[in-house]
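The values are calculated or read from the model by the stated rules, or taken from the named source; none is laboratory data. Model, not experiment: these values are computed from the prediction. Here the Cβ positions follow ideal geometry from the backbone for every residue, glycine too, while neighbour counts run over all protein chains shown.
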Amino acid sequence: MELFGIPLQALLSQLLLGLVNGSFYAMLSLGLAVIFGLLNVINFAHGTLYMLGAFTAWIGLSYFGINYWWMLILAPLIVGLFGIIIEKTMLRWLYKLDHLYGLLLTFGITLMVEGIFRSVYGVSGQPYSVPEALQGATNLGFMVLPNYRAWVVVASLTVCFSTWFVIEKTRLGAYLRAGTENPKLVEAFGINVPLMVTLTYGFGVALAAFAGVLAAPVIQVSPLMGSNLIIVVFAVVVIGGMGSILGSILTGLGLGVIEGLTRVFYPELSATVVFIIMAIVLMIRPAGLFGKEK
Amino acid sequence: MNNSMNKKIGFALLYGILLIAAVLAPFGLYPVFLMKMLCFALFACAFNLLIGYTGLLSFGHAAFFGAAGYVAGQALKAWGLPTELGLLLGTITGALIGLVIGLLAIRRQGIYFTMITLALAQMLFFVALQAPFTGGEDGLQGIPRGKLLGFIDLSSDLNLYYLVLAIAVAGLALIVRIIHSPFGQVLKAIKENEPRAISLGYDVDRYKLLAFVLSAALTGLAGATKALVLGFETLTDAHWSMSGLVILMTLVGGLGTIAGPIVGAVIIIMLENKLGDIGNWLASVTSIDWFNTLGDSVTIVTGFIFIVCVLAFRRGIVGEILHLFKRSSGASH
């Protein structure tokens, strides 16, 4: 079967790979948006924390024999704790200053952590095998679906929409949204805003680490996997605007799919297509697709 | 009145001494290393025109720096153009790319501006990676130095050094002139309070764009000169870590000071160069073997300096000195 001169199987598998990448974009841009909303910090280290998630999973398996499923819970907790330490010891002192210092600090953290991992593990990737339960593929008749990739999409969508539900529909989320609008007033109502800020950062970081663990079997675990991703995620954030949670999720997934399709129809552009879309969006709708200028 | 007169004479003396030192430097130090420093000093000053005097943090200056190097290199090597024209083409390349990126980026404010410049520069990096003439991962090798005005042979390091010194000083003079011009005052007003500058009737976007293009053009000049000096151009110059490096130089020296970026560039380039030796020394003092590998892990050290600067040292070296100076002169009144 062919579609536009491309074998349908190839098209669908690239589409799926696009969805997988899109789920990573969605999870990372979601975390960036939540952190920016409350802390007013653009977390450059987000890509590095995603890399740390993947590495924690790899280290857990190869040094301590802890399997994928445990690491899926443990790695976000460990990396989230690392995030909380960063927030408590460093980021905290920058809230009253210009936004740019938060970006520069997290950039410095990125360089350091990446440099340390590079000096220990080199730049080549470490393989991480797919957990046994998800090995193999399912034949759906019109395509062969690799089980692990399907799991990545389902797991990340579940996490993304749970996050959306918690923030938009629960009491805790209401505090968070109120804190984003006016932290002083929320504090006056007796809510511990500094604690909320710390936990929010920890949560955003844990989300990045979770994405990292999911990514470990798909791409090779390497110290550079994060910084290459974070710039694309920045473009995703510019395209979607950070005003809306659902907007970040949809933009992330959509751009992943577009990137996947570009890889089929015009592979030369696949690395740049997200940036081109960003330029077009900036010309037509400068505030972003779902954006409210803050 | 008298005090400011004294201050002016003091500064003139200081700059005179520095200039003489710069003229004499190649007799004591390795000229190519000095030229590299000068190129980076000009790069950092051009960058500071944006962050320090207009309040715009660009994370995409590597695009102008690298692209100008590639175009100048290609012009000198493949098209056989004279050296001056090659440098001019590099500068124009910087300005044109600056115009395109600037037009897109100034549509958003603050942190979004930074993210847009970073993303567009990354796009240019991929173009440089894939374009046929850049030589991909290998880079553009064997750029000839040529002759200045057709008769001054630039293959002599000393001749080239004085050309690079002249270019850097002219670039710096232009930047100082821009900062002190009425145009520069408007830029400062935009930095301090953008809504107020708008309400005073200034077309803020046009000013920002012009500042961006000027900064990009001077960055292009620095990039083209660097390609000429080293004789090759690689992807490193177009990579985002180069944009980070120039931010670090400016931050270490002092944002929004004239001399700061120069000091920062000198320190960071020296550090990059000597890090291996420093590591070996630390290893012999502390007998921790790991320090021997420090030379290969420049990013760990630059990252660390970033963190320290942002947390504890935001004025930078020159900014800190000026601050002390102001406080002591304030106390004597």
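Looking at the structure I just gave you, is A:GLY202 touching a residue at least 24 places away in the same chain (Cβ under 8 Å) and touching a Ser or Thr at 6+ places or on another chain (Cβ under 7 Å)? For A:GLY202, the condition - touching a residue at least 24 places away in the same chain (Cβ under 8 Å) and touching a Ser or Thr at 6+ places or on another chain (Cβ under 7 Å) - is not met. Of A:GLY53, A:GLY80, all but one fail to be of a type outside the set (Val, Ile, Thr), surrounded by 24 or more Cβ atoms within 10 Å (Cβ to Cβ) and modelled with pLDDT of 90 or more; the exception is A:GLY53.
Just one of the numbered conditions (1) touching a residue at least 12 places away in the same chain (Cβ under 8 Å); (2) within 10 Å of chain B (Cβ to nearest Cβ) is not true of A:GLU268: (1).
Conditions (1) within 14 Å of another protein chain (Cβ to nearest Cβ); (2) in a loop (DSSP other than H, G, I, E, B); (3) under 26 Å from A:ILE239 (Cβ atoms), marked per residue:
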residue: A:PHE44; (1), (2), (3): yes, yes, yes
residue: A:MET51; (1), (2), (3): yes, no, yes
residue: A:ALA54; (1), (2), (3): no, no, yes
residue: A:ILE73; (1), (2), (3): no, no, no
residue: A:ILE84; (1), (2), (3): no, no, no
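Quick grid of which residues meet (1) in contact (Cβ under 8 Å) with a residue 24 or more places away in the chain; (2) surrounded by fewer than 17 Cβ atoms within 10 Å (Cβ to Cβ); (3) within 28 Å of B:ILE258 (Cβ to Cβ):
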| residue | (1), (2), (3) |
| --- | --- |
| B:GLY94 | yes, no, yes |
| B:LEU99 | yes, yes, yes |
| B:ALA105 | yes, no, yes |
| B:GLY110 | no, no, yes |
| B:PHE125 | yes, no, no |
| B:GLY135 | no, no, no |
| B:ARG145 | yes, no, no |
| B:ALA170 | no, yes, yes |
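Residues to consider are B:GLY98, B:GLY80; find the one that is on the phi > 0 side of the Ramachandran plot and of a type in the set (Gly, Ala, Ser). Talk me through it step by step, then tell me what you get.
On the way: B:GLY98 fails: on the phi > 0 side of the Ramachandran plot.
Matching residue, one of B:GLY98, B:GLY80: B:GLY80.
When the stretch A:156-187 is filtered for residues that are surrounded by fewer than 16 Cβ atoms within 10 Å (Cβ to Cβ), among the polar types (S, T, N, Q) and within 24 Å of the chain's Cα centre (by Cα), the ones remaining, listed by number, are A:THR158, A:SER162, A:THR170. Sub-7 Å Cβ pairs linking a first residue in the stretch B:234-246 that is touching a residue at least 12 places away in the same chain (Cβ under 8 Å) and farther than 13 Å from B:THR219 by Cβ to a second residue that is of a type in the set (Val, Ile, Thr) and assigned to a helix (DSSP H, G or I), at least 6 apart or interchain, are B:TRP240/A:ILE231, ordered by first then second residue. Figure legend. Inter-residue proximity from the stretch A:279-290: first residues at the interface with chain B (Cβ under 10 Å from one of its Cβ atoms), second residues surrounded by fewer than 19 Cβ atoms within 10 Å (Cβ to Cβ) and among the acidic types (Asp, Glu), beta-carbon distance below 7 Å, spacing 6+ or different chains. Indicated pairs: A:ALA287/A:GLU293.
Candidates A:GLY247, A:GLY256, A:GLY252: the one that is touching a residue at least 40 places away in the same chain (Cβ under 8 Å), in a helix (DSSP H, G or I) and surrounded by fewer than 23 Cβ atoms within 10 Å (Cβ to Cβ) is A:GLY247.
Considering only residues of the stretch B:114-155 that are outside any helix (DSSP H, G or I) and among the β-branched types (Val, Ile, Thr), which is farthest from the other protein chains (Cβ to nearest Cβ)?
So in the stretch B:114-155, the residues outside any helix (DSSP H, G or I) come out as B:131, B:135-155.
Restricting the remaining residues to those that are among the β-branched types (Val, Ile, Thr) gives B:143, B:152.
Numbers: B:ILE143: 26, B:ILE152: 41 Å.
Checking each candidate, the answer is B:ILE152.
Among residues that are touching a helix residue (DSSP H, G or I) at 6+ places or on another chain (Cβ under 6 Å), buried (at least 16 other Cβ atoms within 10 Å of the Cβ) and modelled with pLDDT under 80, B:PHE306 is not included.
Annotation: A:ARG118 fulfils all but one of (1) closer than 22 Å to A:ALA215 by Cα; (2) at pLDDT 85 or above; (3) surrounded by fewer than 20 Cβ atoms within 10 Å (Cβ to Cβ); (4) more than 14 Å from every other protein chain (Cβ to nearest Cβ); the unmet one is (4). Output the number of residues of the stretch B:276-309 satisfying the condition of being farther than 20 Å from A:ILE116 by Cα and facing another protein chain (nearest Cβ under 8 Å). Residues flagged as farther than 20 Å from A:ILE116 by Cα and facing another protein chain (nearest Cβ under 8 Å) within the stretch B:276-309 amount to 0.
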